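First up is the structure itself, then whatever we jot down about it.
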Amino acid sequence: MSKIGIIMGSKSDLPVMQEAISILAEFGITTEVDIVSAHRTPEKLFDYGSKAHTRGIKVIIAGAGGAAHLPGMVASLSPLPVIGVPVKSSNSIDGWDSVLSILQMPGGVPVATVALNGAKNAGILAAQILGASDAQIQEKIIAYKEGLKEKVIETAKTLNNK
């Protein structure tokens, strides 16, 4: 069964959302990926949001550009944590419309929001949410963060070796 649902408003969001798919694959976490448009396929949105938890999904990552209603609408329908990824799209106002559409949710309908085009961080956050109750995933997160630290240390060494 899939553990993380990754949805996006259109195929044009896939290059950004691929970063979440890829980092979750590195952690060995299965994903279910789909295109669910809040405006063009509202019935599919309602079905996805209300039933994802029945398919074994534990966290939903929703990426959208422009008006970016997808993450908030899914969060209004689902009992699962939702992480919103604002996507800078061709019809976007420098991405700010997407950021604010996802960030400014009303009380009672939370959406965790990452940076503009920040799908990799959305994937890491989703893994950390799962890792809170899964020791194997948590160990992978710890190893990943240790790897980040090592990269910085190695890079710093090269600066001093000139």
Legend entry - Mean ellipticity per residue at 222 nm, deg cm²/dmol - from DSSP H runs of n ≥ 4 across the chain, formula -39500 (n - 2.57): -15500 deg cm²/dmol
Legend entry - Among Gly147, Gly131, Gly95, residue whose mean-square fluctuation peaks in a GNM of the chain (springs only between Cα atoms under 10 Å): Gly147
Inset, instruction - Identify all aspartates and glutamates with a Cα-Cα distance to Lys58 below 14 Å; exclude those on the same chain that are fewer than 8 residues away in sequence. - result: Glu32, Asp134
Legend entry - Net charge contributed by nearby residues that have their C-beta within less than 13 Å of Gly66 (K/R +1, D/E -1): -1
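Can you give me the span-like helices of the chain, meaning DSSP H runs with 30 Å or more of Cα extent along the axis and Kyte-Doolittle mean at or above -1.0?
135-160
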Inset, instruction - Could you list, in their original order, any pairs among Lys88/Lys149; Lys3/Lys120; Lys120/Lys149; Lys3/Lys140; Lys120/Lys145 whose Cα atoms are separated by more than 20 Å? - result: Lys88/Lys149
Inset, instruction - Please report the relative contact order for the chain, taking Cα pairs under 8 Å with a sequence separation of at least 6, and give it as a percent rounded to a whole number. - result: 22
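Mind ranking 34-42, 57-65, 7-15 by how tightly packed they are, going by the mean number of other C-beta atoms within 10 angstrom, highest first?
Result, highest mean Cβ count within 10 Å first: 57-65, 7-15, 34-42.
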Inset, instruction - Largest first and in whole Å, give the semi-axes of region 112-160's equivalent ellipsoid, each being the square root of 5 times a Cα gyration tensor eigenvalue. - result: 25, 17, 5
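Every read-out reported here was derived from the displayed coordinates using simple, explicitly stated rules and does not represent laboratory data. What you are looking at is a predicted structure, and each value in this text was computed from that prediction instead of being measured. Positions of Cβ are generated from backbone atoms using ideal geometry, with glycine treated the same way; all protein chains shown enter the neighbour counts.
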